[in-house]
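Please read the structure below before turning to the comments.
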Amino acid sequence: MYKKHGTNPFSACLPMLIQMPFFFALFQVLSGISQAKDQGAGIGAMSHEQVVEFDASSIFGAPLSAALLHGGAGNVAVVVLSVVMILAMTASQFITQKQIMAKNMSEEAMASPFMRQQKMMLYILPIVFGVGGINFPIGVLIYWTTTNLWTMGQQFFVIRRMPTPGSPAAKALAERRAAKGLPALSVLTGKRDEPADPAAAAAVETKAQRVQPQRKNRKKK
């Protein structure tokens, strides 16, 4: 099916592949900022003076380079902010995947063997990121949580406005359009767009019928 329609199953990973270099760069800077300050060195294009200024930056009293597991257990602000960010990060990731599986997948897709793996990943990935979050600096947790919240909102908009045909979200969209008197979308029904008013549909069908040419009587000589 992928070959017939010219679809690459790995194309869904493209946004993550674009995002990962920024994530690793941010993680490398935040995790090595304190060490670079103590050694009197810089990181990448940042000079030592910029490293010192960056290391002194904080949010709600928690340094951006501090992590819960590495030197942050004694700082109440670091503990509270890390726990809040880890919970928000894992919850937003779980909700994003859950709404896709619950609202934007057809019955045939839900019954496929592939869905068993998806359901396992639905619960495993948040746990992995939640446990690994204790090693993430505050800056990385803020970045990751913000990205998850943006993705969750974007996914909610896409599912509501452009759902997968045959999914519960598609049926809900069709019901909303029918309640407003709007025509059904062909992308959801698999048919051409039809007017909600039967009389209008009959008028369109009559107008669309081909008019047969009539032969005029020739004048007799």
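Every number here is computed from the coordinates shown, using simple stated rules; none is lab data. This one's a predicted model, so the numbers in the text were calculated from it and none came from an experiment. Quick reminder, even Gly has a Cβ in these numbers, built from the backbone with ideal geometry, and neighbours come from all protein chains shown.
Projected label points at A102 and M16, each 7 Å from Cα along the beta carbon direction, are separated by 2.2 nanometres. The simple spin-label model puts a point 7 Å past each Cα toward its Cβ; for M162 and Q39 those points are separated by 4.6 nm.
By the beta-carbon count within 10 Å of each Cβ, the least crowded to most crowded order of K3, K98, K103, fewest first, is K3, K98, K103.
Once you've got the Cα coordinates, tell me which of K4/K180; K119/K171; K4/K103 are over 29 Å apart. Violating the 29 Å limit, Cα to Cα: K4/K180. Ordering 31-39, 116-124 by mean Cβ neighbour count within 10 Å, with the highest value first, yields 31-39, 116-124.
Take each peptide in 76-89, 154-167, count the other Cβ atoms within 10 Å of every residue, and average; sorted highest first, the result is 76-89, 154-167. The calculated FRET efficiency for the pair F60 and A178, based on their C-beta separation and a Förster distance of 35 Å, comes to about 0.10.
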